[in-house]
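The values are calculated or read from the model by the stated rules, or taken from the named source; none is laboratory data. Every value quoted in this text rests on a predicted model; they were computed, and no experiment measured them. Positions of Cβ are generated from backbone atoms using ideal geometry, with glycine treated the same way; all protein chains shown enter the neighbour counts.
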Amino acid sequence: MKTLKIAIQKSGRLNEKSVELLKNCGLNFENYKSSLIAPVSNFPLEILFLRDDDIPEYVQDGIADLGIVGENVIEETEVQVKYLQELGFGKCSLKLAITNNSEITDLSGLNGKSIATSYPVILGKFLQKNGISSDIRTISGSVEIAPGLGLSDAICDIVSTGGTLKSNGLKPFADVMSSQAILIGREGIEQDDLVQELIQRIQSVLDAKDKKYVVMNAPKDSLPGILELLPGIKSPSVVPLAEEGWVAVHTVIEERDFWTKISQLRKLGAQGILVMPIEKICGRP
């Protein structure tokens, strides 16, 4: 049987979440922190640990079949790869930022100004789209210090919380693009049976994220109101109890709706509400 190869970040903000996702998919591998390649013992897959900038090209060139990398890295490297699945972690924004005392008030104020960035390709496309002519100065690392050193009038960089900008006397000015971790593949790989199985595993983990499995006892007379409140994945399961006039209701609730719906269920007479985490939801409707 052939062996697939998937490339993930060796270190950095996506490494831990990528490893967690693959392990939650039931893949067993060890020694990933001390090796560049980790074989999976229970699935025909090898995990390659690379610099994030190298992952898109490894996938494009067929060295790796799949990769997990930030969307911003894919766009900056301008490679030809297939987007297979948004993964929902590693979310951040690429933003333009200016100094707190800057006189720039809108995008047109960037005309003739200098902008420091580690993402010249993305920034160049953004400026061109908006009809702005600026001097793009490519810097690798520590972009935030460029205005303070007199190297640029503004910067374009990845922002997660904004704390680094604030500590360097900068403020966000405009959004350039949003990014998150993406599962990518070389062209045509999505037709492979092993790839489809791996994607299904990933989707089952993602579908279960931020959901709770809820079981409760409720008066049968309250059932119409409860069913209206709880759509479930398709619809709740209802099981008669030994006590006349009572039923057990099984359903799934989104984490963000949890406390609001629990309060409403109690008002409808629900009792003995049991809440459990969900590990995976297999089989998309």
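Of all the residues in region 65-80, those that are modelled with pLDDT of 95 or more and either assigned by TED's automatic domain parsing to the domain that holds K171 or farther than 19 Å from G12 by Cα (or both) number 1. Please work out if L227 is out of contact with any helix residue (DSSP H, G or I) (no Cβ under 7 Å at 6 or more places or on another chain) and either surrounded by 12 or more Cβ atoms within 10 Å (Cβ to Cβ) or modelled with pLDDT under 90 (or both). Judged against the criteria, L227 is a match.
Looking at K17, K10, just one residue is of a type in the set (K, R), more than 23 Å from K209 (Cβ to Cβ) and under 22 Å from the mean Cα position of the chain (by Cα), and that residue is K10.
Would you pick out the residues in region 132-147 that are of a type outside the set (V, I, T) and either modelled with pLDDT of 90 or more or more than 28 Å from the chain's Cα centre (by Cα) (or both)?
Matches in region 132-147: S133, S134, D135, R137, E144, A146, P147.
Among residues of region 46-67 that are over 17 Å from E190 (Cα atoms) and touching a residue at least 24 places away in the same chain (Cβ under 8 Å), those with a beta-carbon under 6 Å from a residue that is of a type in the set (V, I, T) and buried (at least 19 other Cβ atoms within 10 Å of the Cβ) at least six positions away or on a different chain give the pairs I47/I6; D52/V69; D52/V73; I55/V69.
What residue, among those in region 105-127 that are of a type in the set (A, V, I, L, M, F, W, C) and either assigned by TED's automatic domain parsing to the domain that holds D53 or buried (at least 16 other Cβ atoms within 10 Å of the Cβ) (or both), is farthest from the chain's Cα centre (by Cα)?
Step one: of region 105-127, the residues of a type in the set (A, V, I, L, M, F, W, C) are 107, 110, 115-116, 121-123, 126-127.
Still in the running and either assigned by TED's automatic domain parsing to the domain that holds D53 or buried (at least 16 other Cβ atoms within 10 Å of the Cβ) (or both): 107, 110, 115-116, 122-123, 126-127.
Working: L107: 29, L110: 31, I115: 28, A116: 26, I122: 20, L123: 22, F126: 23, L127: 26 Å.
So the residue we want is L110.
Yes/no per residue for (1) of a type outside the set (S, T, N, Q); (2) assigned to a helix (DSSP H, G or I):
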position	(1), (2)
I8	yes, no
S11	no, no
G26	yes, no
S35	no, no
A38	yes, no
S41	no, no
L48	yes, no
Y58	yes, yes
N72	no, yes
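Within region 128-149, identify whether any single residue is part of a strand (DSSP E or B) and either among the hydroxyl-bearing types (S, T, Y) or surrounded by fewer than 15 Cβ atoms within 10 Å (Cβ to Cβ) (or both), and answer yes or no. Yes, that holds for at least one residue.
When region 69-98 is filtered for residues that are farther than 29 Å from Q196 by Cβ and in contact with a Leu (Cβ under 6 Å, 6 or more places away or on another chain), only A97 remains. Scanning region 153-165 for residues that are surrounded by fewer than 23 Cβ atoms within 10 Å (Cβ to Cβ) and closer than 15 Å to E103 by Cα returns a single hit, D153.
For region 13-43, enumerate the residues that are in contact with a helix residue (DSSP H, G or I) (Cβ under 6 Å, 6 or more places away or on another chain) and surrounded by fewer than 13 Cβ atoms within 10 Å (Cβ to Cβ). First the steps, then the outcome.
Filtering region 13-43 down to residues in contact with a helix residue (DSSP H, G or I) (Cβ under 6 Å, 6 or more places away or on another chain) leaves 24-25.
Result: no residue meets the conditions.
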